[in-house]
Every structure is written in structure tokens, then in C-alpha cells.
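Worksheet for the structure shown next.
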């Protein structure tokens, strides 16, 4: 009986040391918010998410031009939609299968799909949901599509 | 009695979580065993071969020309493709067949790679969908485990002339 107690307690201690591994992964997710390209939004908390079609979210992704960099942009169009571009070499672009069109909220000062074209879904890293810092800017990031950026034609389900 | 059972259950759950985390980190950051399907990499990798893939090269940007890589498919993020790296960013790639009289070249853009299967007649690769972003690469295949007759490191490309000149 006593031996069992000691065993259980030792294991409890062992378990308390192991969560370091789990918390390291969590820290990695949070620390990655630090750098982003362009004048986009500030530090959100991330969570992994799929993209349900029809919803417009802010997404964190690996930059297609520089794989070390992560950028935060808003999803404007999904696969099959036709987008009217701003500053892209083609006036209208149909988003290919398995890709999305992302844009920063600050048009003209944003390094987004208008520069590098549609982004493959495999590059998607996370969904930005809230701003944590600075405390004066605590807010939930709304999934809202600006009305002037509606796709010209949406793919019917 | 109940305490004993509860203790054992918690211990089991604890071990499962611990080893689950270790396994996840290993598969994500170190490497794993992969079964390949499809004819696009014959004769180097046949259908239903089992190979060993490592993920360290992609994290340290050590992918080189001639490496066989696993990448997420650009048109379907849920499926993976297995091809050979023919060109890195900045390389000049021959996009037409070498036997064509009028050859055309293109340059691989920054942050992208050009992939081709070894079985050129039966492979959908960058000749079809263009260069893919480096960020889609998941790992590098370097060792074949099954079938045992082909056990060992993977051979170089049988299409040596496809490699680009800078």
C-alpha cells in the first residue's frame, strides 16, 4: 500500500515535469505572432482552423515569396471566385482550385495577393481571432468582408 | 480498490498523452515513414513502396537540386505529392521537352521550387501547374525501406539532362 502511494506520487511528479514539452509547442504558437510583413494587423492569438467557404477571415500564412516569413491578411475570395484586383497585372483573376485570394486592409500599402497572386491553401498556418497586445487594442478580429471587395462572381455551391 | 483503478487509469492516460506529444513532435519536426503511391516517380519509387522521410532539411532550408521531396499538392491541400526538385529559386528551367526544336525557358521565382517526377511521360508536376512555393514542402525522402529488394538510399535522377543550368 505504501509502496503504491510512493509509486503514484513519483509518477505524479514525473507527469508535472513532462508538460514542459506540451507548453513548448504552445509557446511556439504564441511567440510566432511577433513578426509579420507589411503594415497589417497587430498581434493576434492564433488557432488552427479550416476555412468554411463563405466566411471571410484573417489568416496567418507563410509568405509565398519568402518561406521564412509569415504574413497576416484577410481572405477576400475562395477557389472559383473571380476577383477584381487592385494593382495586379491582370484586371480580373479567377482563383484556381486549392487557392485563396488574400488582401491587407490597407490597400495600396499591402504586400498581398495583388502582388504575388493567389495563395495555395497548403501555406495557411492559422486563423487570427483576437488582438492581445497592447492592452488598449484588445479586440476580437471580425470576419467581415469590406463591401467594395466583394468578388465579381462567387462560385455557386 | 477504486483508488487503485483510478490511479491506473490516470497513469495510462498520462503515458498516452506524453507519448502522443513525443510522437507528434517527432513526426512533425524529425521525420517518419511514408508509403508512396502512383507511377510518377518510377523507376526510382514504385507504387506502394515504403520510404523514410525526414523533415529537418526543410526547416533548415537544406533542400537541394536532385532531392526527392514530399510536398502538399498546390491544388488540394489535403493530399501530398512526391517529386524530385529540379530547380531552386532563380534557376533557369527548360519548360519544353528536350527533343523539341524550339526550346523555351523560364526562371523559378523567389521562394519557389520546380518539381518533376522521374517518370516524365506519366507525371503531373511543375510542367503542369508551375513552380510551387517552398513553404509547401513537407519533407525529404532519402531512404527506401520496402520492398526489401530495393532497400537502401535512393538513386539519382534517371533524367540527368533535365537539370537546369544557372
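Observations on the structure shown:
- In degrees, nearest ten, helix B:2-25 long axis to first principal axis of chain B (Cα): 10
- Computed helical MRE - 222 nm, chain B, DSSP H runs ≥ 4 contributing -39500 (n - 2.57), nearest 500: -6000 deg cm²/dmol
- The mean number of partner chain beta-carbon atoms within 10 angstrom of a residue's beta-carbon across peptide B:5-13 is 2.
- With the convex hull of the Cα atoms taken as the outline of segment A:56-140, the averaged projected area works out to 5.9 nm².
- At R0 = 25 Å, FRET efficiency that the Cβ-Cβ distance of residue A:153 and residue B:96 yields, to 0.05: 0.15
- Residue-averaged beta-carbon neighbours from other chains (10 angstrom radius) around A:90-98: 2
- Equivalent ellipsoid dimensions for segment B:1-147 as semi-axes, Å, which come from the Cα gyration tensor, largest first: 41, 16, 12
- Taking B:129, B:134 and counting other C-beta atoms within 10 Å, the order from fewest to most: B:129, B:134
- Order of B:100, B:150 - criterion: other Cβ atoms within 10 Å of each residue's Cβ, fewest first: B:100, B:150
- Cβ-based exposure ranking for B:146, A:138, in which fewest neighbours within 10 Å come first: A:138, B:146
Taken together, the values in this text are just the output of simple stated rules run on the coordinates, not laboratory data. None of these values were measured; they are calculated from a predicted model. We place every Cβ from the backbone using ideal geometry, glycine too, and count neighbours over all the protein chains shown.
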